[in-house]
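Below is one structure; the comments refer to it alone.
Each reported figure results from applying straightforward, stated rules to the coordinates on display, with no laboratory input. Just so it is clear, the model here is predicted, and its values are computed rather than measured. Cβ atoms come from the backbone with ideal geometry, glycine included; neighbour counts cover every protein chain shown.
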Amino acid sequence: MSSPHQDFGEQFVRLTLAIDEHLPGYVDAYFGPKEWKIESKQAGIVSLPNLTDRVNRLAADISQEDGLDPQRRDYLARHVTAMQMSLRLLSGEKVSLADEAEAIYDIRPEWKDESNFEEAHKLLEEALPPGGSLRERMLDWKRSLEIPVEKVKELLPIVIKKLQMLTHQKFKLPDDESFTVEFVSDQPWLAYNWYLGNSKSRIEINTDLPLRVSFIPGLMAHEGYPGHHTDLSIKEKKLVDELKYYEFTVNLLNAPSAVMAEGIATSARETLFTDEELEQWFRNEILPYAGMSHIDPKRMTAVNNASRKMGGVSGNAAFMLHDQRKGEEEIIQYLQRYDLSSEQEARQTIRFNSDPLNRSYTFTYDVGYDLLEELFRGVDRDHYFRRLIEEPVTPSQVREWIEKKHQVN
Ligand SMILES: [Zn+2]
């Protein structure tokens with residue numbers, strides 16, 4: 001016997017698995033009942049009109065069901081809206097990138113004015129060591145931070161141990177959680193967390209581009225503690241094991257949950273450390289261990305904080321690629337000019353944005369980060385971070401919390 005609430009989760013999961021048959025990778029991770037997956041494979045490709053009917057019916061059922069927890073209803077409804085858009089795109093419909101992102105991610109991205117990036121450049125003028133043009137200085141600085149993969153492998157256990165301990169102090173990590181780290185190549189991303197279920201993940205780090213010492217704590221916070229691995233393993237315990245919300249046995253890339261996931265991951269490092277604490281860690285442990293004590297951690301913070309203001313450049317590149325139909329060379333020049341990237345990095349950005357699953361994904365990082373920083377401002381950050389990793393949450397839900405926060409103050 002199953003409750004109708006459980007049925008919503010099951011119907012939801014079965015639909016995502018059916019869409020995955022059309023668009024492999026749509027389901028990023030699935031760790032629910034094995035037979036649902038087997039049955040979906042056996043059913044093979046279901047026609048898009050049939051799937052659309054089923055998704056529309058589920059949307060209607062969710063809106064009419066009494067007694068659903070409001071946050072769960074909001075989560076389910078907005079994820080079904082995202083599914084409806086994915087089906088339209090699969091049917092070949094042409095949709096603007098902002099409309100697509102609004103339906104899929106529950107955010108409305110906008111073109112970012114270049115004056116934002118120029119402001120970042122001014123800060124970088126101050127922060128970077130002297131040299132040639134600003135871009136040359138940036139590329140020289142990045143080169144000075146490069147660290148061999150072998151050294152990264154030695155450093156990782158130290159970094160992971162500390163992040164895990166600090167995360168454990170603040171949030172309720174499942175007792176049996178753990179992850180492995182593997183090094184891979186030829187991928188459009190820098191690192192990836194594959195969630196395997198039962199509180200386990202496999203984190204992959206891509207070695208196509210040089211790794212930098214400055215990345216390491218932030219990267220492991222993003223993918224591991226208290227980012228993706230922490231988020232998914234706590235949600236599995238709280239929402240799947242305890243509440244039987246089966247929609248949380250599936251992790252989707254093209255859904256509002258992706259904004260929450262990347263928002264959580266991009267603000268993970270700052271949830272554990274202030275800039276000063278991070279600098280101290282670099283100065284006392286990480287840099288000496290890497291044999292790079294000549295690097296000034298204060299400069300590292302200043303460059304990172306300035307670089308964050310260039311975050312919208314990749315979103316603009318997505319608008320240029322998909323809406324404005326600009327050629328690759330023009331976009332590469334734009335990226336090099338405004339986010340001061342190397343040609344190799346710029347090509348990697350375009351490669352990422354060109355993937356059908358990632359067309360508008362790039363917005364999840366910056367918009368997710370900005371949204372959560374607005375939520376955390378002036379309140380107990382850990383309290384809200386905990387709610388984000390323990391509850392069904394969408395960007396709309398966060399905007400509602402922000403609204404309430406302003407009413408109280
Ligand atoms: Zn991520």
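Tabulated data for the structure shown
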read-out: Within the chain, helix-based [θ] at 222 nm, where runs of 4 or more DSSP H residues each add -39,500 (n - 2.57), nearest 500; value: -19000 deg cm²/dmol
read-out: For the range 244-317, size of Cβ-based charge dipole, Lys and Arg +1, Asp and Glu -1, in debye; value: 180
read-out: Neighbourhood charge, 12 Å Cβ-Cβ cut-off, centred on Y361 and excluding it, Lys, Arg +1 and Asp, Glu -1; value: -4
read-out: Local net charge near A127, Cβ-Cβ under 11 Å (Lys/Arg +1, Asp/Glu -1); value: +1
read-out: Order by protection proxy (mean Cβ within 10 Å, highest first), peptides 158-164, 65-71; value: 158-164, 65-71
read-out: In nm, spacing of pseudo-spin labels at S185 and V149 (7 Å Cα→C-beta vector); value: 0.6
read-out: Prolate/oblate/rounded label for the range 236-335 (Cα gyration tensor, a/c 1.5); value: oblate
read-out: Evaluated over the range 284-348, the Cα radius of gyration and Dmax, each in Å; value: 16.1, 49
read-out: Neighbourhood net charge (11 Å Cβ-Cβ; Lys/Arg +1, Asp/Glu -1) for G9; value: 0
read-out: Taking the chain and dividing mean pair separation by its residue count, relative contact order in percent (alpha carbons under 8 Å, at least six apart); value: 22
read-out: Selected from Q344, N316, T301, residue furthest toward positive end of dipole (the range 271-353; charges at beta carbon); value: N316
read-out: Given charges at beta-carbon only (K, R positive; D, E negative), |dipole| of the range 37-84 in Debye; value: 260
read-out: All Cα pairs of the range 89-217, percent lying beyond 17 Å; value: 75
read-out: P(r) histogram, all alpha-carbon pairs of the range 259-314 included - 5 Å bins from 0, percent; value: 4, 17, 20, 23, 18, 12, 5, 1
read-out: Other-chain or far-sequence residues with amide H under 5 Å of S201's (modelled H); value: S178, F179, T180, L196
read-out: Links that overshoot a 30 Å alpha carbon limit, given the list K162/K298; K244/K309; K200/K298; K37/K326; value: K244/K309; K200/K298; K37/K326
read-out: Contact order relative to length of the range 22-168, as percent, for alpha carbon pairs under 8 angstrom and 6 or more apart; value: 13
read-out: Spatial separation of Cα centroids for the range 303-337 and the range 230-245, in angstrom; value: 36
read-out: Assigned charges on the beta-carbon of Lys, Arg, Asp, Glu; the chain dipole about Cα centre (debye); value: 360
read-out: Sequence-distant residues sharing a close amide H with A29 (under 5 Å, placed H); value: N251
read-out: Where only C-alpha atoms are counted, convex hull volume of the range 1-127 per residue in Å³; value: 172
read-out: Overall form of the range 109-169 per C-alpha gyration tensor (a/c, 1.5; a/b vs b/c); value: oblate
read-out: 4 °C / 1.567 mPa s Stokes-Einstein diffusion coefficient of the chain, Kirkwood radius on C-alpha pairs, µm²/s; value: 58
read-out: Cα-based helix-to-principal-axis angle, 297-308 vs the chain, degrees rounded to 10; value: 50
